[in-house]
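Below you'll find the structure, written out as structure tokens, and then a few comments.
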Amino acid sequence: MNRAHALQGISWPDFDRLEIGERAPYFQRDGRQYHALISQQFDRAFLDRMCELATRTRKIAKTRGGMLFLQGLLAEKRAMLYFAQPSTRTFLSFLSACQILGLQSGEVRDSKTSSEVKGESPEDTVRIFSSYYDLIIMRYPEGGFGDRIAWLLSNTDRPVPVINAGSGKDQHPTQALLDIYTLQRSFEAIGGIEGKKIAFVGDLARGRTVRSLAYLLTRYPGVKLYFVAPEQLQIGEDILASLDEYGVSYEVTDTLTPILPEMDAVYMTRIQDEWDTAGESRSIGIDEYIIDADRLQHMKETAVILHPLPRRNEIAVEVDSDPRAMYWRQVRNGMWIRAALILHIFERDAEVDRYFDDLMR
Ligand code: CP
């Protein structure tokens, strides 16, 4: 059956000229999310649906019968995990999500082990993957590469969906999905994410998770965002422009102490010095933002601390056992929301709903 891929209707030069936010409709098939590449493509209804589907899937997985049902859902599909940059959580949570849903998987975690060393282009390499696999989950050091691959594959006779598992300094949309899922669960009993004050702290200039999450938070009325960083590591003007466009309130500051008692969530990040060209991060300190036992005393009892991880010293280990430390749960939430996304892409979500409804009867 021929399915209508929006990317088939546009030439590469015309697509490449579009602003990022204008690209979102092109990542759909038959009006449904198909490629998952940028946060801007996810609206509020989609976010609510992903959270619901993740929770239903994790509840079904609690029994042996439920797990066997889930493992049969995508047993005829295969996924390629192509990680051209290091990863622990994103790789393993996608791998685990595939295992939960019965997808067989293959992996390339180092381009030096592929025929790219013989001069094969990354585009050809991914096209080869599409000959063997039904889904490509891809981390790549260059922003926008996933868009190019999605366009390329959508215009072959074997279009397969592409998920962005982290692209350069630019986007990490599935991390943003798990961050939203964690916030939604954390604030379930206190009015949801709407109206909450959320501080982003650390290296905001090069933190792709912060960028992707900031876009998603525009979907929640009344939120106020605080960007806490030294001037050299402050959030990009493009993100602030996007917040202005959606009427989201924000403050940009280099001090955490005065705002901390008001915050409902604090999203910590490490220095992203892998992007340094000449060790420039060495002269920039973010130690004054460290969350430790002393700082915890100044936070609300209902506040939560998030971190995409890996961490260095921005959160003291003594904080790990505090009920407000949500970063370990974030890790596990990632597996369930990624399973939900894969279910959505392959249109198996209705089967999960039916099983869940039967379970609840
Ligand atoms: N949060 C995150 O992307 O972690 P990894 O780099 O380990 O995948």
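The values are calculated or read from the model by the stated rules, or taken from the named source; none is laboratory data. This is a predicted model, so every value here is computed, not measured. Using ideal geometry, Cβ is built from the backbone for each residue, glycine included, and neighbour counts are taken over all protein chains shown. With ligands, DNA and RNA removed, areas are computed over all heavy atoms of the protein, side chains included. Shrake-Rupley method; radii C 1.70, N 1.55, O 1.52, S 1.80 Å.
Rounded to a whole number, what is D in µm²/s for region 89-129 from Stokes-Einstein with the Kirkwood radius over alpha-carbon pairs (4 °C, 1.567 mPa s)? Show your work: numbers first, answer last.
On the way: Rh = 11.7 Å.
Rounded, D is 111 µm²/s.
If you place +1 on the Cβ of every Lys and Arg and -1 on the Cβ of every Asp and Glu, how big does the dipole about the Cα centre of the chain come out, in debye to the nearest 20? Walk me through the intermediate numbers first.
Details: 44 positive and 52 negative charges, 301 e Å.
The calculation lands at about 1440 debye.
Which semi-axis lengths, in whole Å and largest first, follow from the square roots of five times the eigenvalues of the Cα gyration tensor of the chain?
On the way: eigenvalues 209, 126, 77 Å².
Its equivalent ellipsoid spans semi-axes of 32, 25, 20 Å.
Leaving out ligands and nucleic acids, and using a 1.4 Å probe, what accessible area per residue does the chain come to in Å²?
Working: 15430 Å² over 361 residues.
Per residue, the chain has 43 Å² of solvent-accessible surface.
D292 to S96: FRET efficiency via 1/(1 + (r/R0)^6), r the Cβ-Cβ distance, R0 45 Å, to the nearest 0.05?
The calculated FRET efficiency here is 0.90.
Could you pull out the pairs from K77/K197; K59/K196; K169/K197; K118/K169 whose alpha carbons sit more than 30 Å apart here?
Numbers: K77/K197 41 Å; K59/K196 27 Å; K169/K197 25 Å; K118/K169 27 Å.
The pairs that break the limit, which is 30 Å between Cα atoms, are K77/K197.
State the percentage of accessible surface on the chain attributable to carbon and sulfur atoms; use a 1.4 Å probe and exclude ligands, DNA and RNA. Mind dumping the intermediate values first?
Numbers: 7480 of 15430 Å².
Summing carbon and sulfur atoms, their accessible area is 48 percent of the total for the chain.
When all protein chains stay in place, what accessible area (Å², nearest 10, 1.4 Å probe) is found for C98?
Roll a 1.4 Å probe over it and C98 shows about 0 Å².
Distance from the Cα centre of region 160-205 to that of region 246-309, in angstrom?
Centre-to-centre (Cα) distance: 15 Å.
Work through the residues other than P161 whose Cβ is under 10 Å from its Cβ and net out their charges, Lys, Arg +1 and Asp, Glu -1.
Working: positive: R29; negative: D134.
That sum, taken over residues with Cβ under 10 Å, equals 0.
Can you classify region 1-126 as rounded, prolate or oblate using the Cα gyration tensor, where a ≥ b ≥ c are the square roots of its eigenvalues, rounded means a/c under 1.5, and otherwise it's prolate if a/b beats b/c and oblate if not? Each step should come with its number before you reach the end.
Details: a/c = 1.97, a/b = 1.19, b/c = 1.65.
Here region 1-126 falls in the oblate category.
For Q104, list long-range residues whose amide hydrogen, built 1.01 Å from N in the peptide plane, is under 5 Å from its own amide hydrogen.
So Q104 has HN proximity to K77, A79.
Please give the net charge around E288, taking every other residue with its beta carbon less than 12 angstrom from that of E288, where Lys and Arg add +1 and Asp and Glu add -1. Could the numbers behind the result be given before it?
Details: positive: R295; negative: D254, D287, D292, E314.
Once all neighbours under 12 Å are counted, the net charge is -3.
If we count every other residue with Cβ under 13 angstrom of A303's Cβ, Lys/Arg +1 and Asp/Glu -1, where does the sum land? Could you put the intermediate results ahead of the total?
On the way: positive: K196, K197, R295, K300, R324; negative: E262, D264, E301, D322.
Computed value for this residue: +1.
So if each residue of separation counts as 0.36 nm, and I subtract the Cα-Cα distance between M67 and D273, what length gain in nm does that give? Could you put the intermediate results ahead of the total?
Details: separation 206, 0.36 × 206 = 74.16 nm, distance 4.06 nm.
Gain on extension, M67 to D273, equals 70.1 nm.
Calculate the tail of P(r) for region 193-253: the fraction of all Cα-Cα distances greater than 18 Å, expressed in %. Walk me through the intermediate numbers first.
Values: 418 of 1830 pairs.
Cα-Cα pairs of region 193-253 separated by over 18 Å account for 23 percent.
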